[in-house]
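In what follows, a structure is listed as structure tokens, so that the remarks can point back to it.
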Amino acid sequence: MTGMLVQGEWKTQKQFQNEDGRFVRSTTSFRDHVAADGSSGFAAEAGRYHLYISWACPWAHRTVIMLKLKGLDDAISYSSVDPFMGDDGWMFSENYPDELNDASYLREIYTKAAPDYTGRVTTPALWDKERGTIVNNESRDLIRILDTEFDSLATKNLDLYPEDLRHEIDATIDAIYEPINNGVYKSGFASKQKVYEEAVTELFGALDHWEGVLETRRYLCGERLTEADVCMFTTLVRFDAVYHGHFKCNVRRILDYPNLWGYLRDVYQTPGVAETVRLDDIKRHYYTSHESINPTRVVPVGPAIDFTTPHGRERLADYR
């Protein structure tokens with residue numbers, strides 16, 4: 001069981017599958033845009049915004065990686081919800097407090113922004129302290145905003161959406177989303193055998209494809225780290241620890257793919273990325289929150305994964 005807000009009221013209900021047993025992802029609702037020049041009504045200003053994340057959530061993980069890569073830590077504050085998500089949704093706790101709005105549940109932030117809100121309560125969510133509202137809760141929008149609109153406040157000169165690669169970056173993000181980023185969920189939450197097999201077959205077909213691409217490319221779009229790599233990384237870094245077992249994505253591990261495994265370690269070792277990977281939070285969330293998949297809520301000790309071993313991919317190119 002999980003829940004959602006309906007006209008501002010929390011309702012506990014079943015989630016994930018439609019009548020065919022297929023996982024259905026909810027759409028995001030807050031889609032305003034922060035603009036460098038303030039033309040959107042939300043100006044890129046230091047200290048104005050707070051990013052609500054979950055260290056466990058791959059979608060939220062994208063945004064905090066972008067904060068670190070761009071050096072926006074001092075300009076934009078951020079905090080995480082507790083890894084456990086029960087019938088009351090994402091919550092704050094003693095170890096994961098909401099020091100900004102003093103909320104007990106993330107849903108309170110959503111109703112503070114929109115008292116009659118109807119929809120899922122998800123991370124990430126970018127909060128505007130000045131106007132007291134959520135600006136945007138779509139991870140793809142947010143990584144683009146952080147990458148392109150806050151350059152005047154960034155302390156690191158890194159462009160992950162270079163003009164000459166923009167079409168390829170967008171096409172790559174589109175290409176990996178359904179079979180890989182969302183594909184692990186379609187596999188894990190499928191409630192019928194045929195549906196599961198369709199999703200997992202598509203997933204590993206896509207992984208096989210990118211294994212081939214990365215034979216001659218250091219990154220998904222060539223010689224430079226881009227937004228597409230951030231989107232791929234947050235799925236791959238969770239794969240062997242969670243998706244392989246918990247979501248039954250067990251045809252192969254990422255460790256079994258020489259190029260994907262080297263690529264994963266390469267991105268992990270990019271300055272700023274490793275500190276955003278919280279495997280304890282990741283495992284605790286998935287194994288304790290999805291009672292329908294893991295009713296005992298026992299969290300496995302392993303696997304032992306060392307992302308710090310040399311990757312050797314400098315031979316392909318080096319953007320740094």
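The strands (runs of 3 or more DSSP E) falling completely within segment 74-153 that include 1 or more residues that are of a type in the set (Phe, Trp, Tyr) and either buried (at least 20 other Cβ atoms within 10 Å of the Cβ) or under 17 Å from the mean Cα position of the chain (by Cα) (or both) map to 77-80, 125-128. Filtered by the rule that a residue be touching a strand residue (DSSP E or B) at 6+ places or on another chain (Cβ under 8 Å) and either closer than 27 Å to Gly3 by Cα or in the same structural domain as Gln13 (by TED's automatic domain parsing) (or both), segment 262-300 gives Asp281, His285, Ser289. Of the residues making up segment 175-214, those that are of a type in the set (A, V, I, L, M), part of a helix (DSSP H, G or I) and more than 16 Å from Tyr243 (Cβ to Cβ) are Ala175, Val195, Val213. Of note, Thr235 does not satisfy the criterion of being surrounded by fewer than 20 Cβ atoms within 10 Å (Cβ to Cβ) and either modelled with pLDDT of 95 or more or not basic (Lys, Arg) (or both). Taking first residues from segment 289-302 that are without any contact (Cβ under 8 Å) to a residue 24 or more places away in the chain and partners that are of a type outside the set (Asp, Glu) and in a helix (DSSP H, G or I), the Cβ contacts under 6 Å between residues at least 6 apart in sequence or on separate chains come to Arg297/Thr288; Val299/Lys283; Val299/Arg284; Val299/Tyr287. A single entry from Thr133, Thr111 fulfils the requirement of being more than 21 Å from Phe150 (Cβ to Cβ) and either among the hydrophobic types (A, V, I, L, M, F, W, C) or in contact with a strand residue (DSSP E or B) (Cβ under 8 Å, 6 or more places away or on another chain) (or both): Thr111. Restricting attention to segment 303-320 and to residues that are touching a residue at least 60 places away in the same chain (Cβ under 8 Å) and among the hydrophobic types (A, V, I, L, M, F, W, C), the residue that is surrounded by the fewest Cβ atoms within 10 Å (Cβ to Cβ) turns out to be Ala317. The set of residues in segment 159-174 being hydroxyl-bearing (Ser, Thr, Tyr) and assigned to a helix (DSSP H, G or I) consists of Thr172 alone. Of the residues screened, Ala228 is not one that is buried (at least 16 other Cβ atoms within 10 Å of the Cβ), in contact (Cβ under 8 Å) with a residue 12 or more places away in the chain, farther than 14 Å from Ile169 by Cα and in contact with a helix residue (DSSP H, G or I) (Cβ under 8 Å, 6 or more places away or on another chain). Of the conditions (1) more than 23 Å from Asp229 (Cα to Cα); (2) at pLDDT 95 or above; (3) among the hydroxyl-bearing types (Ser, Thr, Tyr); (4) within 19 Å of the chain's Cα centre (by Cα), Ser29 fails just one. Which one is it? Here Ser29 clears every test but (2).
Of the residues contained in segment 171-183, none is found to be more than 22 Å from the chain's Cα centre (by Cα) and surrounded by fewer than 22 Cβ atoms within 10 Å (Cβ to Cβ). In the list Ser93, Ser104, which residue meets the criterion of being touching an Asp or Glu at 6+ places or on another chain (Cβ under 6 Å) and outside the structural domain of Leu236 (by TED's automatic domain parsing)? Only one candidate qualifies: Ser93. Exactly one residue out of Val237, Val251 is in the same structural domain as Ile176 (by TED's automatic domain parsing) and touching a residue at least 60 places away in the same chain (Cβ under 8 Å), and it is Val237. Within segment 162-195, the set of residues being among the hydroxyl-bearing types (Ser, Thr, Tyr) and touching a helix residue (DSSP H, G or I) at 6+ places or on another chain (Cβ under 6 Å) comprises Thr172, Ser187.
Being hydrophobic (A, V, I, L, M, F, W, C) and not assigned by TED's automatic domain parsing to the domain that holds Asp32 is a property that holds for Ile180.
The values are calculated or read from the model by the stated rules, or taken from the named source; none is laboratory data. Model, not experiment: these values are computed from the prediction. Neighbour counts run over all protein chains shown; Cβ positions are idealised from the backbone, glycine included.
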